[in-house]
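A.B. asks: The structure follows.
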Amino acid sequence: MRAESRRDLPAVHRVLMRPEVQALAAGHGRAAVVEAVRAGLAALRGDGGGYEEAAFLDGVRAALATRAARGLRRVLNTTGVVLHTNLGRAPLAPAALAAMAEAARGYANLEYDLGSGSRGDRHSACAALLRGLTGAEAAVVVNNCAAAVLLALAAHAPAGSEVVVSRGELVEIGGAFRVPEVVAQGGARLVEVGTTNRTRIGDYDAAIGPATRVLMRVHQSNYRVVGFTEAPEPREIAALARARGLVSVEDLGSGAVADLSAFGLPREPTLAESVAAGFDLVACSGDKLLGGPQAGLLLGKAGAVAACARHPLMRALRPDKATLAALEATLRLYRDHGGDPARLAREVPALGMLAADAAALEARAARLLASLPEAAGAAVGAGESLPGGGSLPGAALPTSLVALRPAAVGAEELARRLRAGAPPLVARIERGRVVLDVRTLRDAEIEEAAAAVAAAL
Ligand SMILES: *Cc1c(COP(=O)(O)O)cnc(C)c1O
């Protein structure tokens with residue numbers, strides 16, 4: 001069929017009268033369809049192309065489908081990285097989801113004291129739980145751990161003051177969060193002590209001068225220094241700060257509330273241990289080992305926390321009602337089931353995934369394998385998952401992988417198709433094969449993952 005010449009492009013209203021286009025308007029709304037038709041015709045005009053109806057309408061349908069696809073979508077995570085920062089870190093507990101939905105749907109006593117009928121404090125519910133769980137005197141909640149550290153330094157290390165940090169802890173967490181830059185941004189001066197591998201308490205002591213305000217310890221979240229190493233005990237740093245009239249701050253990062261060894265995982269310092277070590281302020285994330293929503297917890301001594309709560313930055317860093325509701329519900333799970341690791345692992349999905357045992361993972365992999373089409377060339381094998389989120393560095397958790405080796409499609413192309421699916425499935429590529437780590441799949445997602453693979457083939 002000869003394409004019509006450029007001056008024969010139909011008018012927009014003519015295209016809109018076609019029954020197929022009317023049907024599209026019923027689903028997408030007339031304004032969106034008009035826009036897609038206009039844009040399609042303009043593109044033809046621009047490149048001098050002819051009008052061929054079937055192809056043109058396909059183009060309009062594709063444009064409308066792209067527009068309708070949500071930007072932020074649920075994805076199936078088969079990377080095995082439990083606290084995958086790019087995939088939104090911790091999946092929330094059902095109790096947290098319910099609390100979040102209820103708070104978000106209507107009004108809540110966010111800053112309203114129901115007893116007195118007057119203004120209340122948005123931090124009070126989470127703060128009470130955090131005090132109970134950690135022994136801290138006070139706590140506030142901010143948007144994330146980066147915000148907690150920023151606020152701690154803004155409140156206690158004013159411009160021109162000095163913050164002392166070990167050279168072994170000048171870490172980059174990811175993106176723009178680099179300890180030296182975070183200290184510098186408030187105008188304080190970073191004083192580095194010790195060496196990359198060895199720092200002693202005497203190094204801190206010798207670095208304290210008239211301008212020093214803060215001794216800061218940063219948990220080596222995402223890396224380890226091994227071999228000939230030395231670092232003071234956390235309590236020595238807190239004690240030195242107290243003796244010299246300074247503020248001690250610990251950036252604990254992952255901030256486990258539960259003792260992870262109860263789940264068969266490598267030990268991580270807990271919030272309670274940091275509080276017991278005597279730090280004035282301890283900062284950590286809500287969506288790493290705690291398994292809650294994105295949030296930053298800042299807890300410690302009453303006076304030090306109060307100074308943070310009063311700081312003008314607090315207003316800019318405070319979380320909303322939905323986050324606070326989800327965090328409170330997650331903390332309640334720790335309060336109510338803290339003594340029962342098995343129960344806690346069932347209630348808090350991130351803990352459950354981290355703690356999943358070999359038998360459960362093997363069974364899940366076998367179920368996935370059985371649901372996959374022959375053409376996937378699938379086989380179950382052993383592998384390792386990563387905790388992610390800069391938590392438990394060096395800890396590789398033994399897992400079961402389903403490796404795909406379809407005859408017809410290469411690994412890169414298959415991974416691309418899986419990402420383009422609905423829902424998208426994110427997998428890893430290992431030694432030229434797409435591998436699906438079942439640690440980060442919920443049982444309810446197995447069939448969906450199998451269907452995603454079938455669709456991609
Ligand atoms: C992860 C981490 C942060 C940043 O936490 P966010 O919640 O992502 O802001 C800061 N410090 C340490 C030590 C961390 O591990």
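The values are calculated or read from the model by the stated rules, or taken from the named source; none is laboratory data. Bear in mind that the values here come from a model prediction, so they are computed numbers and not experimental data. Virtual Cβ from ideal backbone geometry, glycine too; neighbours counted across all protein chains shown.
A.B. asks: So, of the residues in the stretch 139-158 that are over 21 Å from residue 326 (Cβ atoms) and of a type in the set (Gly, Ala, Ser), which turns out to be nearest to the ligand (Cβ to nearest atom)? Step through it out loud before you land on a result.
C.D. replies: Start the filter on the stretch 139-158 by keeping residues that are over 21 Å from residue 326 (Cβ atoms), which leaves 149-150, 152-158.
Within this subset, residues satisfying the condition of being of a type in the set (Gly, Ala, Ser) are 152, 154-155, 157.
Values: 152: 11, 154: 15, 155: 17, 157: 16 Å.
Once the filter is applied, the top-ranked residue is 152.
A.B. asks: Another question, if that's okay. Can you tell me which condition residue 223 does not meet? The list is (1) within 23 Å of the chain's Cα centre (by Cα); (2) more than 20 Å from residue 152 (Cβ to Cβ); (3) away from the ligand (no atom under 13 Å from the Cβ), and all the others hold.
C.D. replies: Of (1) within 23 Å of the chain's Cα centre (by Cα); (2) more than 20 Å from residue 152 (Cβ to Cβ); (3) away from the ligand (no atom under 13 Å from the Cβ), only one is false for residue 223: (3).
A.B. asks: Go through (1) free of Cβ contacts under 8 Å to residues at least 24 places away in the same chain; (2) within 43 Å of the chain's Cα centre (by Cα); (3) part of a helix (DSSP H, G or I) and name the single condition residue 67 misses.
C.D. replies: (1)
A.B. asks: In the stretch 93-147, which residues are among the acidic types (Asp, Glu) and in a loop (DSSP other than H, G, I, E, B)? Even if it seems obvious, please write down each step before you answer.
C.D. replies: So in the stretch 93-147, the residues among the acidic types (Asp, Glu) come out as 102, 111, 113, 121, 137.
Those that are among the acidic types (Asp, Glu) and in a loop (DSSP other than H, G, I, E, B): 111, 121, 137.
A.B. asks: Scan the stretch 256-269 residue by residue and report those that are farther than 18 Å from residue 90 by Cα and surrounded by 19 or more Cβ atoms within 10 Å (Cβ to Cβ).
C.D. replies: 269
A.B. asks: Output yes when any residue across the stretch 274-290 is surrounded by fewer than 19 Cβ atoms within 10 Å (Cβ to Cβ), in the same structural domain as residue 173 (by TED's automatic domain parsing), in contact with a Pro (Cβ under 8 Å, 6 or more places away or on another chain) and touching a residue at least 60 places away in the same chain (Cβ under 8 Å), and no when none is.
C.D. replies: The answer is no, given that none of the residues of the stretch 274-290 is surrounded by fewer than 19 Cβ atoms within 10 Å (Cβ to Cβ), in the same structural domain as residue 173 (by TED's automatic domain parsing), in contact with a Pro (Cβ under 8 Å, 6 or more places away or on another chain) and touching a residue at least 60 places away in the same chain (Cβ under 8 Å).
A.B. asks: Output the number of residues of the stretch 239-265 satisfying the condition of being touching a strand residue (DSSP E or B) at 6+ places or on another chain (Cβ under 9 Å), without any contact (Cβ under 8 Å) to a residue 40 or more places away in the chain and away from the ligand (no atom under 16 Å from the Cβ).
C.D. replies: 7
A.B. asks: Another one. Would you confirm whether any residue within the stretch 27-39 is closer than 30 Å to residue 404 by Cα, without any contact (Cβ under 8 Å) to a residue 12 or more places away in the chain and assigned to a helix (DSSP H, G or I)? I'd like the intermediate steps shown before the answer.
C.D. replies: Of all residues in the stretch 27-39, those closer than 30 Å to residue 404 by Cα come to none.
Scanning the stretch 27-39, I find no residue that is closer than 30 Å to residue 404 by Cα, without any contact (Cβ under 8 Å) to a residue 12 or more places away in the chain and assigned to a helix (DSSP H, G or I), so the answer is no.
A.B. asks: List the helices (runs of 4 or more DSSP H) inside the stretch 300-393, counting only whole elements, that have at least 2 residues being within 26 Å of the chain's Cα centre (by Cα) and either among the small types (Gly, Ala, Ser) or outside the structural domain of residue 276 (by TED's automatic domain parsing) (or both). Steps first, answer last, please.
C.D. replies: Values: elements: 302-310, 313-317, 321-337, 341-347, 349-355, 358-371.
Answer list for the stretch 300-393: 321-337, 341-347, 349-355, 358-371.
A.B. asks: Further question: Being farther than 30 Å from residue 432 by Cβ and surrounded by fewer than 22 Cβ atoms within 10 Å (Cβ to Cβ) narrows it down to one residue among 303, 394; which is it?
C.D. replies: Values: 394 fails: farther than 30 Å from residue 432 by Cβ.
Step by step, each of 303, 394 is checked, and only 303 is farther than 30 Å from residue 432 by Cβ and surrounded by fewer than 22 Cβ atoms within 10 Å (Cβ to Cβ).
A.B. asks: Right, something else. What about residue 385, is it within 16 Å of the ligand (Cβ to nearest atom), within 30 Å of residue 269 (Cα to Cα) and surrounded by 23 or more Cβ atoms within 10 Å (Cβ to Cβ)? Even if it seems obvious, please write down each step before you answer.
C.D. replies: Working: within 16 Å of the ligand (Cβ to nearest atom): no; within 30 Å of residue 269 (Cα to Cα): yes; surrounded by 23 or more Cβ atoms within 10 Å (Cβ to Cβ): yes.
The answer is no for residue 385.
A.B. asks: Under the condition of being more than 21 Å from residue 149 (Cβ to Cβ) and touching a residue at least 24 places away in the same chain (Cβ under 8 Å), which residue from the stretch 197-223 is surrounded by the fewest Cβ atoms within 10 Å (Cβ to Cβ)?
C.D. replies: Of all residues in the stretch 197-223, those more than 21 Å from residue 149 (Cβ to Cβ) come to 197-198, 200-203, 205-206, 209-210.
In the following step, the residues that additionally are touching a residue at least 24 places away in the same chain (Cβ under 8 Å) were identified as 197-198, 200-201, 203, 205, 209.
Working: 197: 14, 198: 15, 200: 16, 201: 16, 203: 17, 205: 16, 209: 9.
Ranking the qualifying residues of the stretch 197-223, first place goes to 209.
A.B. asks: For the stretch 179-199, give me each residue that is touching a strand residue (DSSP E or B) at 6+ places or on another chain (Cβ under 7 Å) and either outside the structural domain of residue 161 (by TED's automatic domain parsing) or at pLDDT 95 or above (or both). Quick ask: steps written out before the conclusion?
C.D. replies: From the stretch 179-199, those touching a strand residue (DSSP E or B) at 6+ places or on another chain (Cβ under 7 Å) are 179-180, 183-184, 188-194, 198-199; that's our starting set.
188, 189, 190, 191, 192, 193, 194, 198, 199, listed by residue number.
A.B. asks: If you scan the stretch 23-58, which residues turn out to be of a type in the set (Gly, Ala, Ser) and under 36 Å from the mean Cα position of the chain (by Cα)? Give the steps one after another, and end with the answer.
C.D. replies: Residues of the stretch 23-58 that are of a type in the set (Gly, Ala, Ser), as a first pass: 23, 25-27, 29, 31-32, 36, 39-40, 42-43, 46, 48-50, 54-55.
Answer for the stretch 23-58, where residues must be of a type in the set (Gly, Ala, Ser) and under 36 Å from the mean Cα position of the chain (by Cα): 27, 29, 32, 36.
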